[in-house]
Amino acid sequence: MTLCESCGEREAVVHLTQIVDNTITTLHLCERCAAEKGVETGAQVAKFPLGDFLASLGKSALAGGAAGEAAASCPGCGATLADFRQTGRLGCARCYDTFEGHLRDLLRRLHGNTQHEGERYGAPSAGPVGRLAELREQLGRAVGAENFELAAELRDAIRGIE
Amino acid sequence: MIDIALVPDGGLSWLDGSGPQADVVLSTRVRLARNVAGVAFTSRAGPLDRARVLDLVDAAWRGSPFGRGSVRFLLDDLAPEDRLLLHERHLASRELTAAPSEREGGSGSAVYLSGSTGVMVNEEDHLRLQTLHSGFALGPAYAELEQLDASLGGAIPFAFHSEFGYLTACPTNAGTGLRASVLIHLPGLVLTKEIAKVLQGLTQVGLTFRGLYGEGSEVVGNFFQLSNQTTLGKSEEELLDHLGKIVRQVVAYEEQARQVLLRDAPTIIEDKVWRAYGLLRHARSLSFEEAMNLLSGVRLGVGLNLIPGVGVYTLNKLLVFTQPAHLAAYETRVPGDADVRATRAVYVRRVLDEEAGWRA
């Protein structure tokens, strides 16, 4: 067990590597001394990698703006923006739709971009029966949206399978 | 104790140092984050969800070309020291190995391993596909991973968004879900005090660096993990190309720095690496950190052809097996050995005795 270099009493759990004037130094501190020195521990960083951003996001959201998203909870998992702000983790894939406005802004800040340019994923086909149900559903939506060109294509595809 | 010998070559094939530039770049790791469509992400998933994810992955893995001759570890069944063993071997992340086993209904956390390829299940994301290769080998590592991704993605519906790409629990991984990292040894840049400049430069070109054990870990023994910071907005190939280009540049800087050291301070460098060797050879007590730093010195000596007869394999092996859980498992079989430093020194002396072909 390495003892804290500051108090010399408790176990050092924070190992802070600093680069100052081209010199690398490592400080071994216990949690309490690290907190006193204002060191953000690895655990905190890992847990809240987006801490500051999320905090500011929460404030601006509450101040107005996309008030709808701020108050909403995800229909997929029940998570709210406050949950995200606290944990730094989204609850499920639908959170990306529920909090789309905020996330697009966040993704742009994190990655400089929001449009995926990598490989496109095609989900495994659900077998002919599942596929048929999926196509019929799409057909219904296409008709509802008066997109008759798409509807015709879908109808042909359904006939093909039947 | 788990029988890690069940893992084909112990998951340690990268140790052999056979990969390109393996004396400077120890290993290359690429991982892809994936989630099962329609199931809450791990942190919000209930026991049934987690069990379902594990079932889906289990079936898909067994049905894939990677299933044959592979090994599965269920984290809930492992003692803490065995989890640590997997972590020290870089086969499972800290997040996964820290999963509380007493969680009601089980965590559903698992690791599947097949040679240099594997999957972590119910980690921060449902699936973390990864490959680990010797040396500087981004191309081969990703090629293998792509096969695994295609196999599993063909059997399990992954969460995918037409704009945001693969959806992940943390938005920092969304898009490609790809994180590629190389474990690189940079003593020349540290000794010539150029390292801060290089590390600062890295962050300006969209890369990031970490210590030996990834996120939040400290830098020991002049070992750095360099990896891509962003995952969205660029293709997998662009991300890998960019990282590869920068790593080649860093390796070139490191080689320059070593030549400068040899030219301007040959006696100091020679003395430094031989002192490191002498200490490893004769010390009776070694802390992990001291062992890492001395191994760094010897590695530099081997790279500069100052110390003959010590193989990269031996150095890599010492790096892995002097870690606390490995020492406990292989040397004393008593976890929490009172004098792990003495055990470490005995182990290092024995390995160097057996494998270093030339005596000082």
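Do you know which residues across region B:167-180 are buried (at least 24 other Cβ atoms within 10 Å of the Cβ), within 7 Å of another protein chain (Cβ to nearest Cβ) and within 18 Å of B:Ser235 (Cα to Cα)?
B:Leu167, B:Pro171, B:Ala174, B:Gly175, B:Thr176
Within region B:42-57, is there a residue that is modelled with pLDDT of 85 or more, closer than 30 Å to B:Thr314 by Cα and assigned to a loop (DSSP other than H, G, I, E, B)?
Scanning region B:42-57, I find no residue that is modelled with pLDDT of 85 or more, closer than 30 Å to B:Thr314 by Cα and assigned to a loop (DSSP other than H, G, I, E, B), so the answer is no.
Could you go through region B:209-231 and let me know if any residue there is within 14 Å of chain A (Cβ to nearest Cβ), assigned to a helix (DSSP H, G or I) and farther than 27 Å from A:Leu29 by Cα.
no
Please enumerate the residues belonging to region B:24-73 that are under 24 Å from the mean Cα position of the chain (by Cα), basic (Lys, Arg) and crowded, with 22+ Cβ neighbours inside 10 Å.
B:Arg29, B:Arg31, B:Arg34
Can you tell me which of B:Arg344, B:Arg248, B:Arg299 is out of contact with any helix residue (DSSP H, G or I) (no Cβ under 8 Å at 6 or more places or on another chain), of a type in the set (Lys, Arg) and outside any loop (DSSP other than H, G, I, E, B)?
B:Arg248
In region B:121-128, is there at least one residue being modelled with pLDDT of 95 or more, within 20 Å of B:Ala79 (Cα to Cα), buried (at least 23 other Cβ atoms within 10 Å of the Cβ) and away from chain A (no Cβ under 14 Å)?
Scanning region B:121-128, I find at least one residue that is modelled with pLDDT of 95 or more, within 20 Å of B:Ala79 (Cα to Cα), buried (at least 23 other Cβ atoms within 10 Å of the Cβ) and away from chain A (no Cβ under 14 Å), so the answer is yes.
Look at A:Thr98 and say whether it is of a type outside the set (A, V, I, L, M) and over 26 Å from B:Val205 (Cα atoms).
yes
State which residue is nearest to A:Phe99 (Cα to Cα) when the search covers only region B:132-159 and only residues that are in a strand (DSSP E or B) and modelled with pLDDT under 95.
The selected residue is B:Leu132.
How many residues does region B:11-33 contain that are more than 19 Å from B:Val247 (Cβ to Cβ) and hydrophobic (A, V, I, L, M, F, W, C)?
The total comes to 4.
Looking at (1) free of Cβ contacts under 8 Å to residues at least 12 places away in the same chain; (2) buried (at least 17 other Cβ atoms within 10 Å of the Cβ), which one does B:Ile269 not meet, given that it meets all the others?
Failing condition for B:Ile269: (1).
Looking at B:Leu96, B:Leu85, which one is of a type outside the set (Ser, Thr, Tyr) and either out of contact with any strand residue (DSSP E or B) (no Cβ under 6 Å at 6 or more places or on another chain) or part of a strand (DSSP E or B) (or both)?
B:Leu85
Give me the pairs: first residue in region B:31-44 and facing chain A (nearest Cβ under 8 Å), second residue in a helix (DSSP H, G or I) and modelled with pLDDT of 95 or more, beta-carbon distance under 7 Å, and six or more apart or on different chains, which are they?
B:Val39/B:Val53
Show the residue pairs that are 6+ apart or on different chains and have beta-carbon atoms under 6 Å apart, the first residue being within region A:83-102 and more than 14 Å from B:Ala37 (Cβ to Cβ), the second being among the acidic types (Asp, Glu).
Close Cβ pairs (under 6 Å, with a partner that is among the acidic types (Asp, Glu)) amount to A:Phe99/A:Glu69; A:Gly101/A:Glu69; A:His102/A:Glu69.
Restricting the search to region B:133-166, which residues are of a type in the set (Gly, Ala, Ser) and within 7 Å of another protein chain (Cβ to nearest Cβ)?
Of everything in region B:133-166, those that are of a type in the set (Gly, Ala, Ser) and within 7 Å of another protein chain (Cβ to nearest Cβ) turn out to be B:Gly153, B:Gly154, B:Ala155, B:Ala159, B:Gly165.
State whether one or more residues within region B:188-198 are of a type in the set (Val, Ile, Thr), assigned to a loop (DSSP other than H, G, I, E, B) and within 7 Å of chain A (Cβ to nearest Cβ).
Checked region B:188-198: no residue is of a type in the set (Val, Ile, Thr), assigned to a loop (DSSP other than H, G, I, E, B) and within 7 Å of chain A (Cβ to nearest Cβ).
Report yes if B:Ile156 is within 18 Å of the chain's Cα centre (by Cα) and of a type in the set (Val, Ile, Thr), otherwise no.
Judged against the criteria, B:Ile156 is not a match.
Scan region A:70-115 residue by residue and report those that are under 26 Å from B:Asp49 (Cβ atoms), at the interface with chain B (Cβ under 7 Å from one of its Cβ atoms) and within 13 Å of the chain's Cα centre (by Cα).
If the condition is that a residue be under 26 Å from B:Asp49 (Cβ atoms), at the interface with chain B (Cβ under 7 Å from one of its Cβ atoms) and within 13 Å of the chain's Cα centre (by Cα), then A:Ala79, A:Thr87, A:Gly88, A:Arg89, A:Leu90, A:Gly91, A:Cys92, A:Ala93, A:Tyr96, A:Leu103, A:Leu106, A:Leu107 are the ones that fit.
Of all the helices (runs of 4 or more DSSP H) wholly in region A:1-99, which have at least 1 residues that are at pLDDT 70 or above?
In region A:1-99, the matching helices (runs of 4 or more DSSP H) lie at A:31-36, A:67-71, A:81-87, A:95-98.
The values are calculated or read from the model by the stated rules, or taken from the named source; none is laboratory data. Here the structure is a predicted model, which means the values were calculated and not measured. Neighbour counts are summed over all protein chains in view; Cβ atoms, including those assigned to glycine, are modelled from backbone coordinates with ideal geometry.
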